[in-house]
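Handing you a structure now.
Each reported figure results from applying straightforward, stated rules to the coordinates on display, with no laboratory input. This structure is a prediction, so every number in the text was calculated from the model and none was measured. With ideal geometry, Cβ positions are generated from the backbone for all residues, glycine too; neighbour counts draw on all protein chains shown.
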Amino acid sequence: MSAAGDRAEERPNARERELWLAACEAARTKVYRGLIAMGASRSDAEDALQDALEAAVRVKSPATKPEGWLFVVAIRGWRRHRWRARIFHPLEVARHAASRSDRDGEIDMLVELAKLPERQRAVLVARHVLGLSQNETATALAMAPGTVGSIGHRAIRALRERLGE
Amino acid sequence: MTLEQDFDPELARRLDARLAFYAPVGRIPQALPRQSRRGLALAVALAAILATSIAGLGYQINASAESQGLGCLHPVAKIGLFAQGITGSAHDADHASSAQHTDRASHEACHP
């Protein structure tokens, strides 16, 4: 194929890429809040989000919903970071856990949310913080839409019980 | 039909209000060069050494059992046999050194 043909083929890709990166940039705050809602500290959320954005720059086939994609990639990065911290900095992890349990006296939505199982938390955050639909959540978290529905329903009920409602 | 029972608008509003003060600090939105992988290389080298050592020890245990014609033994029994062999040889060495010491003492008594 000629060079002009190659350029014509590249152009839509470059445009798509630009749109993808712009959408990722626009989704930053939502994903950051999603990570905080999942139980990450501010610095952990910053690091996980930064790693996810770097991965977004390298991605070859952009996903349709950047919020969901960034959220899942950031969650994986945060999970790896937690494992590494547990192995190499156990004292810091224990100190962090102790400082969080100090807040047990007050009924705080984020504290109670952090006590839910990870799958329930992820579905609830994807639906209520990121604003993804049931199908988008299912695609992002690699679940069936029905599973998302039932997990989400259970998560709402459990959170409401924890909040004493 | 899937009912949308997994979304609570009131909960979404409350979460939004609770998270309103959280915002990411602006960072450079470009891929940074990857950090040095020295730690990873060291971990891989250590893991390789450990794996080789374990494989070597296993081979030695098996060879030791086979040399005694007990190749059909259970692996745990082979390990026990190998451990017995080590303690036995240490015990023999101890005896040998004490016997050597006695010999030397008697030699020195005869030839001061």
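Take B:Glu10, project a point 7 Å from its Cα along the Cβ direction, then tell me which residues of region A:149-165 have their backbone nitrogen under 15 Å from it.
A:156-165
When Cβ neighbours within 10 Å are restricted to other protein chains, what is their mean count per residue of peptide A:127-139?
Partner Cβ neighbours, averaged per residue: 3.
Need one number: nm distance between label points at B:His74 and B:Tyr59, each 7 Å from Cα along Cα→Cβ, rounded to one decimal.
With each label placed 7 Å out from Cα toward Cβ, I get 2.7 nm.
I've got another one for you. Mind checking which lysines have their Cα closer than 25 Å to the Cα of A:Lys65? Skip sequence neighbours fewer than 8 apart in that chain.
Counting by Cα, and skipping residues close in sequence, A:Lys65 has these lysines nearby: A:Lys30.
Taking only C-alpha pairs under 8 Å that are 6+ residues apart, what is the relative contact order of region A:25-92 in percent?
38
Same structure again: Can you tell which of A:Pro117, A:His128, A:Val148 lies farthest toward the positive end of the dipole of region A:104-165, using +1 and -1 charges on the Cβ of basic and acidic side chains (Lys, Arg; Asp, Glu)?
So the residue furthest toward the plus end is A:Val148.
Moving to a separate point now. Shielding of B:8-21 by partners, i.e. mean partner chain Cβ atoms within 10 Å per residue?
5
Report the Stokes-Einstein translational diffusion coefficient (µm² s⁻¹, integer) for region A:104-165, Rh taken as the Kirkwood radius over Cα pairs, at 20 °C with viscosity 1.002 mPa s.
Result for D is 182 µm²/s.
When you count, for each residue, the other Cβ atoms within 10 Å and take the mean per peptide, how do A:61-67, B:44-50 rank with the highest first?
A:61-67, B:44-50
Let me confirm one metric for peptide A:53-59, namely the mean number of other chain beta-carbon atoms within 10 Å of its residues' beta-carbons.
Other-chain Cβ atoms within 10 Å of each residue's Cβ, averaged: 3.
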